[in-house]
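Below is one structure, written out as C-alpha cells; comments come after it.
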Amino acid sequence: MPVLWKNMRERYMKKVKDEDEMRSEYKREDLGAGVRGKYYEAYNEAHNLVLLKPEVAQAFPSEEAVNEALLSLIKIAQASTSTALHKQQRA
C-alpha cells in the first residue's frame, strides 16, 4: 500500500476503542434483563438445517443440486408407493 494511502487511512478511519462500554445515551437498566436462548425454539422451527456427510456433499456442486435430487427422489417414492397401493387394492 502506498504511504500516502496509509496516512490517509490512519487519519480518517475510526479508531476502535479497547473498552467494551455502551454509549452514554444508553442505560443498562433501560434494556432489561437479557434472556439466553429466548428465540432458540422459534428459530429452530422456522429453519430446517441438515448436515450432510462429507462424501454426500462432494457428490453435489450446490444446494440447488441437493434439493433437485431430493425432490426427484420424493416423486419416485410417491409414485412407487401409489403404484403399490393400487396393486394391493386390485388383488
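A short reminder: the numbers here are calculations on the coordinates, not readings from a lab. Not measured: the values here are computed from a predicted model. FYI the Cβ positions are ideal-geometry reconstructions off the backbone, even for glycines, and counts take in every protein chain you see.
Each residue of segment 59-75 was assigned a 3J(HN,Hα) from its phi angle through the Karplus expression (A = 6.51, B = -1.76, C = 1.60, θ = phi - 60°), giving 6, 10, x, 7, 5, 5, 5, 5, 4, 4, 5, 5, 5, 5, 5, 4, 4 Hz with x at Gly and Pro.
For segment 26-34, backbone phi angles converted through the Karplus equation (6.51, -1.76, 1.60; θ = phi - 60°) give residue-by-residue couplings of 9, 10, 4, 5, 6, 7, x, 7, x Hz, Gly and Pro being listed as x. Placing R0 at 41 angstrom, the Cβ-Cβ distance between Arg11 and Val50 gives a FRET efficiency of 0.25 after rounding to 0.05. Loop-located trypsin sites (Lys or Arg not before Pro) in segment 21-91 (DSSP state not H, G, I, E or B) with no more than 11 neighbouring Cβ atoms inside 10 Å: Arg23, Lys27, Arg36, Lys38. Restricting segment 26-87 to chymotrypsin sites (Phe, Trp or Tyr not before Pro) that sit in a DSSP loop and have at most 12 other Cβ atoms within 10 Å of their own Cβ leaves Tyr26, Tyr39.
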